[in-house]
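Here is the structure we will look at, set down as structure tokens.
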């Protein structure tokens, strides 16, 4: 069944797909770190009958920056890449319900709205490793992918990747590409020397330089934000596939 689900996901437009058990994700490093004893109520948002996590990845090549441009209207917004992933997830959920009779559960992107740890899930599904750039690095496309998760009540066998160490012997150009020096710490697990505060400074600057423009198919204007991708695009892994 896992093979059929992944084949359907690719057919509906995903570039990569994988599966891991919900219970494995509950034991992932990010989950354990976030959901300590004082915040277990947030974990209760997960659907009770969910058994498997389906990870969907959409490749984001350098020559299609618009996939990551965040169009915001009246305080809300989305990116074209994420909208495409939502469409793929919806088609796959419908296909699973029709084929198995089991429920599927849409998962928000943001953790504070009930989302899950996408990078951890992708690693557990054998789709890649967390690199020294603190990003998921896949063998096929490097870190140039966007992710979305889908939960299902189907108990699917997990996908498992082969041995893959994307940063072994690498000069790590990702770490010197950052305009805010967010990787000034030691490149060790679990956070790869990543300073989220410095990264947030760049994101704030990107938001400050947003462009006001009409939104196709909608009334009024939106703010197009072009977030920094320098560490991601500097990674040499997977460039030959794009």
Determine if segment 117-127 includes at least one residue that is touching a strand residue (DSSP E or B) at 6+ places or on another chain (Cβ under 7 Å), part of a strand (DSSP E or B), at negative phi and buried (at least 23 other Cβ atoms within 10 Å of the Cβ).
no
Could you look through segment 141-152, keep only residues that are over 11 Å from the mean Cα position of the chain (by Cα) and either in a strand (DSSP E or B) or modelled with pLDDT under 95 (or both), and pick out the one that is surrounded by the most Cβ atoms within 10 Å (Cβ to Cβ)?
142
Please specify each residue of segment 198-223 satisfying the condition of being surrounded by 15 or more Cβ atoms within 10 Å (Cβ to Cβ), out of contact with any helix residue (DSSP H, G or I) (no Cβ under 9 Å at 6 or more places or on another chain) and closer than 12 Å to residue 72 by Cα.
210, 215, 222
Checked against (1) out of contact with any helix residue (DSSP H, G or I) (no Cβ under 9 Å at 6 or more places or on another chain); (2) at pLDDT below 90; (3) within 30 Å of residue 84 (Cα to Cα), residue 155 satisfies every condition except (2)
Just checking: which of the strands (runs of 3 or more DSSP E) contained wholly in segment 1-115 hold 3 or more residues that are modelled with pLDDT under 95 and touching a strand residue (DSSP E or B) at 6+ places or on another chain (Cβ under 9 Å)?
69-73, 104-106
Residue check: is residue 190 modelled with pLDDT under 90 and either part of a loop (DSSP other than H, G, I, E, B) or under 12 Å from residue 231 (Cβ atoms) (or both)?
yes
Of the conditions (1) over 13 Å from residue 154 (Cα atoms); (2) in contact with a helix residue (DSSP H, G or I) (Cβ under 7 Å, 6 or more places away or on another chain), residue 95 fails just one. Which one is it?
(1)
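The values are calculated or read from the model by the stated rules, or taken from the named source; none is laboratory data. Computed from a predicted model, the values in this text were never measured in an experiment. Every residue, glycine among them, receives a Cβ derived from its backbone with ideal geometry; neighbour counts consider all protein chains shown.
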